[in-house]
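The next block holds one structure in the form of structure tokens; read it before the comments.
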Amino acid sequence: MRFSYLLIPLAFALPNLASANTCEVDVSAGDSMSYNTKSIEIPSNCEEFTVNFTHTGKLSKEGLGHNWVLAKSSDVNALANAGSTEGIKNNFLPQDDERVIAYTPIIGGGESASTTFKTSVLDSDEYYSFFCSFPGHTFMMRGTVVVKD
Ligand SMILES: [Cu+2]
């Protein structure tokens, strides 16, 4: 497992360069239990892929925090259950669990975080999903991740 993340303040003044690079995507969630997308496509020619996740709401991370986690679809429910007792300091995820392919920390309103992962970890015969591991959110906050030629 390989991941990295940055916690940065929102900087709307900066030009949005995401569209110039298809090996990354912007995902957001606000003060409700939903992402702005249900499906993320990763071009098969990307060696690495970056998800830039933004909480566009106003609520604190303790109140209605969100994150972005990538796992096999068949592992999502088990990871959400295992993570629910881990607390916010562990981002509601089991620690050092190989089923977690990539993740951002839990963030609150006005915050952003990114995660980058190697696409070689994704098996073309497998189904992948992204989800929020904040307790109670996973059922509503999930979507599919597919590698596309
Ligand atoms: Cu959430």
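The values are calculated or read from the model by the stated rules, or taken from the named source; none is laboratory data. Only a predicted model underlies this, so the values are computations on that prediction, with no experimental measurement involved. Please note: Cβ atoms are built from the backbone with ideal geometry, for glycine as well, and neighbour counts cover all protein chains shown. Areas reflect the complete protein model, heavy atoms only, side chains present, ligands, DNA and RNA absent. Shrake-Rupley method; radii C 1.70, N 1.55, O 1.52, S 1.80 Å.
Using just the helices of the chain, give the 222 nm mean residue ellipticity in deg cm²/dmol: DSSP H runs with n ≥ 4 each add -39,500 (n - 2.57), and the total is spread over all residues, rounded to 500.
-2000 deg cm²/dmol
Excluding residues fewer than 8 places away in the same chain, name every one of the lysines whose C-alpha is closer than 30 Å to that of K89.
K38, K58, K61, K72, K118
For region 46-149, what % of the accessible area comes from carbon and sulfur atoms, probe 1.4 Å?
49
Within region 88-127, list the residues whose amide N lies under 12 Å from a label point set 7 Å along Cα→Cβ of S60.
Taking a point 7 Å out along Cα→Cβ of S60, the residues of region 88-127 whose backbone N falls under 12 Å are 108-109.
What distance in nm lies between label points placed 7 Å from Cα along the C-beta direction at M140 and S74?
3.0
Just the accessible area per residue of region 24-149, please: how many Å² with a 1.4 Å probe?
48
Using 0.36 nm per residue of separation minus the Cα-Cα distance, give me the extension gain between N81 and T37 in nm, one decimal.
In short, 13.5 nm is gained.
If you keep only loop residues by DSSP, which chymotrypsin sites (Phe, Trp or Tyr not before Pro) in region 79-149 have at most 15 other Cβ atoms within 10 Å of their Cβ?
For chymotrypsin sites (Phe, Trp or Tyr not before Pro) across region 79-149 that sit outside H, G, I, E and B with at most 15 neighbouring Cβ atoms in 10 Å, the list reads Y127, F139.
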